[in-house]
Amino acid sequence: MVLNAASGDAPSGSAVPHTVSRGAIEPPGPEAAISISDLRMRYGSRDVLKGVNLTVRRGEVLALLGPNGAGKTTTIEILEGFRRRSAGEVRVLGTDPDHGDEAWRARLGIVLQSWRDHGKWRVRELLDHLGRYYAPYATADRPRPYDADEVVSLVGLTEQANLRVGTLSGGQRRRLDVAVGIVGRPDLLFLDEPTAGFDPQARQEFHDLVHRLSDLEETTILLTTHDLDEAEKLADRIVMLAGGRIVADGSAAELAREVAGKAEVRYSRDGESFVHATEDATAYVRRLFEQYGDAVGDLEVRRASLEDVYMALVLEYESGQRTGLRTTLTEVAS
Amino acid sequence: MSAQTVALGAGVHRGWIEFRQSVANAQDVWGAIFPPAVSLVVMYLLRDNTVPGTDASLGSQAVPGILAMNAVLTGLMGLAVTLTMDREDGTLLRAKATPNGMLGYLTGKVISRAAVTVASLLIVLVPAAFLFGGMELGRVTTWATLVWVLVLGLFATLPIGAVLGSLFSSAQSMSFTTLPLMGLVAVSGIFYPINGYPEWLQWIAQVFPVYWLALGLRSALLPDQLAAAELTESWRHLETVLVLGVWAVAGFLVAPVVLRRMARRESGSSVAARREKALQRPM
């Protein structure tokens with residue numbers, strides 16, 4: 001579990017304290033789908049990434065969170081091989097993305113933010129066409145590509161299979177983007193804000209699809225999102241990026257526990273309402289019942305939500321930047 | 001089969017689908033037919049004028065030139081415009097994200113543009129043959145010459161379209177190339193034989209492929225005695241092959257380099273940025 005917020009003026013390199021208490025960061029090995037060390041990106045005189053270290057295990061679902069301009073899209077584009085980094089070591093499926101060949105590319109699935117291509121094509125026709133390129137890269141345990149009808153039904157577009165892409169609604173279009181991303185049965189899937197514009201049902205179906213890909217196909221998934229609820233539901237692990245650095249790394253529960261520390265217990269006793277903040281809600285509630293028994297009502301235990309964590313970290317980062325003070329949130333081990 | 005062969009096959013598939021889409025799209029069809037239709041009407045009105053030095057109608061003499069102009073507009077310009085549009089909407093980035101996708105994409109584009117060019121040529125040629133007499137459509141040599149001139153002409157001009165489409169970042173800025181291109185069409189003797197032009201202008205015309213494409217089509221479609229109206233009073237097939245061939249070779253050497261450079265710069269954020277710009281542009 002790494003949890004830190006460092007301001008922009010800290011000396012580079014040492015600016016990211018590694019306070020590892022659990023196995024979130026592992027040495028890069030054959031198991032790693034992605035390994036990044038000291039990744040830096042500079043546009044002109046502006047540093048967008050200031051030394052990012054990250055390892056994503058094979059089969060892991062990782063959510064990358066962060067405010068706009070934090071460097072999420074830049075990071076993903078570097079991993080996809082669409083952007084050359086300024087410095088640092090990067091391996092994606094064992095290959096440097098700057099020198100990735102077509103066989104390497106065939107193992108990636110990419111869903112970007114703003115596709116609106118192929119408007120005149122029909123849904124099934126496009127998936128069938130794009131799938132063809134992957135056929136030479138099929139392996140015994142990974143038949144490629146998906147059958148077009150199968151992938152159409154996987155994303156719930158069977159009824160729209162023969163419609164023109166340009167006539168799809170925003171949510172349907174997004175599902176097609178996901179279908180295109182997975183048609184080659186990727187080992188590693190990049191999803192850049194995949195559910196923007198989805199209605200709740202489509203979102204739920206998409207979440208089921210992600211679980212399916214991760215559980216049955218052992219697809220490693222790296223997704224960015226602004227929807228914290230979604231990150232919590234989908235991701236095994238959440239990484240927060242702010243100001244070009246990773247400021248938090250852990251599961252949703254870990255982050256919540258360690259940033260906010262305390263849970264809030266609300267209850268009523270004899271018609272009167274109480275609120276109590278505690279680090280160990282379970283013990284507190286046990287004592288509460290031992291002491292008052294049936295007199296306790298309306299019990300509610302609220303852990304800090306991921307949103308609280310997110311806001312706390314972003315505020316922390318921004319205030320650090322404003323004052324130029326280096327702030328480090330060390331973990332509050334529980 | 002190698003992965004490249006598979007991608008080439010997919011490219012042919014793409015070309016066929018996109019050709020079908022163009023033919024089924026009223027706007028595309030209209031765009032391909034409108035310019036030559038206007039030119040044909042003008043030439044029909046001028047049909048009583050004769051080619052200087054002969055008694056052949058200026059109208060029918062101009063038809064092959066109009067076909068050549070149309071081939072350049074639908075082929076070269078059409079390819080350039082679709083390339084910039086495909087960059088704007090993310091089609092090219094999609095190709096880049098697919099293994100060997102750029103190879104398939106370009107194969108498909110070239111095939112579909114070439115097919116649209118040939119189709120629009122036939123659509124114009126048939127009514128023109130009825131409107132203007134004096135074209136030799138019954139000879140075998142007519143069609144043989146038509147085929148090799150067209151194929152060589154497309155090889156010479158399509159790479160130029162690919163280069164233009166790579167250099168300009170939006171369909172909007174592409175329109176700056178229309179004026180010089182129309183100027184080139186004007187000096188290339190599409191509507192009027194270039195014999196009457198000053199010699200330096202004749203030289204300029206003969207450097208570019210449009211003149212030779214038009215000359216080749218005239219040699220295919222017009223009676224042989226009309227060669228008398230050309231420079232050096234011949235169809236100059238050898239020179240046509242040489243000039244168009246040089247353009248084709250140069251194009252196939254330069255275009256992949258320019259295309260690769262352009263494709264390297266494509267990323268999700270560059271597509272998003274262009275879209276942002278396109279949305280902000282006053283219509």
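Worth pointing out:
- Alpha carbon centroid spacing (whole Å) that separates the range B:111-147 from the range A:180-225: 51
- Heavy-atom accessible surface of the range B:45-112: percent carbon and sulfur, 1.4 Å: 63
- The mean number of partner chain beta-carbon atoms within 10 angstrom of a residue's beta-carbon across peptide A:67-74 is 1.
- Per-residue mean of foreign Cβ neighbours for A:105-112 is 4 (Cβ atoms of other chains, 10 Å radius).
- q = 0.09, 0.10, 0.13 Å⁻¹, chain B: log10 I(q)/I(0) [Debye, one scatterer per Cα]: -0.45, -0.55, -0.89
- In the range A:121-143, burial by the other protein chains removes 20 Å² or more of 1.4 Å probe accessible surface, compared with the chain on its own, from A:Trp121, A:Glu125, A:His129, A:Leu130, A:Arg132, A:Tyr133, A:Tyr134, A:Pro136, A:Tyr137.
- Residues of the range B:2-18 buried by at least 20 Å² on assembly (accessible area, 1.4 Å probe, chain alone as reference): B:Ala3, B:Val6, B:Ala10, B:His13, B:Arg14, B:Ile17
- With R₀ fixed at 41 Å, the C-beta to C-beta distance from B:Asn49 to B:Phe176 puts the FRET efficiency at about 0.75.
- Kirkwood-Stokes translational diffusion coefficient of the range A:76-186, alpha-carbon pairs, 37 °C, 0.692 mPa s, µm²/s: 220
- Per-residue average of Cβ from other chains inside 10 Å of B:265-277: 4
- Hydrodynamic radius of the protein assembly as shown by the Kirkwood approach over all distinct alpha-carbon pairs: 28.2 Å.
- Solvent-accessible area per residue, Å², over the protein assembly as shown with all protein chains present [probe radius 1.4 Å]: 44
- Estimated Rh, the range B:1-142: Kirkwood, alpha-carbon pairs, angstrom: 17.0
- Share of carbon and sulfur in the accessible heavy-atom surface of the range B:182-283 [1.4 Å probe, %]: 69
- Total accessible surface hidden between B and A, rounded to 100 Å², 1.4 Å probe: 2900
- Calculated [θ] (222 nm, deg cm²/dmol) that DSSP helices of n ≥ 4 give over the protein assembly as shown, each run adding -39,500 (n - 2.57): -16500 deg cm²/dmol
- Buried on assembly, the range B:87-101 (at least 30 Å² less accessible surface than by itself, 1.4 Å probe): B:Asp89, B:Thr91, B:Leu93, B:Arg94, B:Lys96, B:Ala97, B:Thr98, B:Pro99, B:Asn100
- Multiplying the residue separation of B:Val151 and B:Glu199 by 0.36 nm and removing their Cα-Cα distance gives an extension gain of 14.4 nm.
- Normalised contact order of the range B:190-261, rounded percent, pairs of Cα under 8 Å and 6 or more residues apart: 33
- Overall form of the range B:1-42 per C-alpha gyration tensor (a/c, 1.5; a/b vs b/c): prolate
- Among B:Arg218, B:Arg87, B:Arg265, residue whose mean-square fluctuation peaks in a GNM of chain B (springs only between Cα atoms under 10 Å): B:Arg265
- Of the accessible area of the range A:108-215, computed with a 1.4 Å probe over protein heavy atoms only, carbon and sulfur atoms account for 45 percent.
The values are calculated or read from the model by the stated rules, or taken from the named source; none is laboratory data. This one's a predicted model, so the numbers in the text were calculated from it and none came from an experiment. In this analysis, Cβ positions are derived from the backbone assuming ideal geometry, glycine residues included, and neighbour counts consider all displayed protein chains. Ligands, DNA and RNA are stripped out before the accessible areas are found, and what is left, the full protein with its side chains, is counted by its heavy atoms. Shrake-Rupley method; radii C 1.70, N 1.55, O 1.52, S 1.80 Å.
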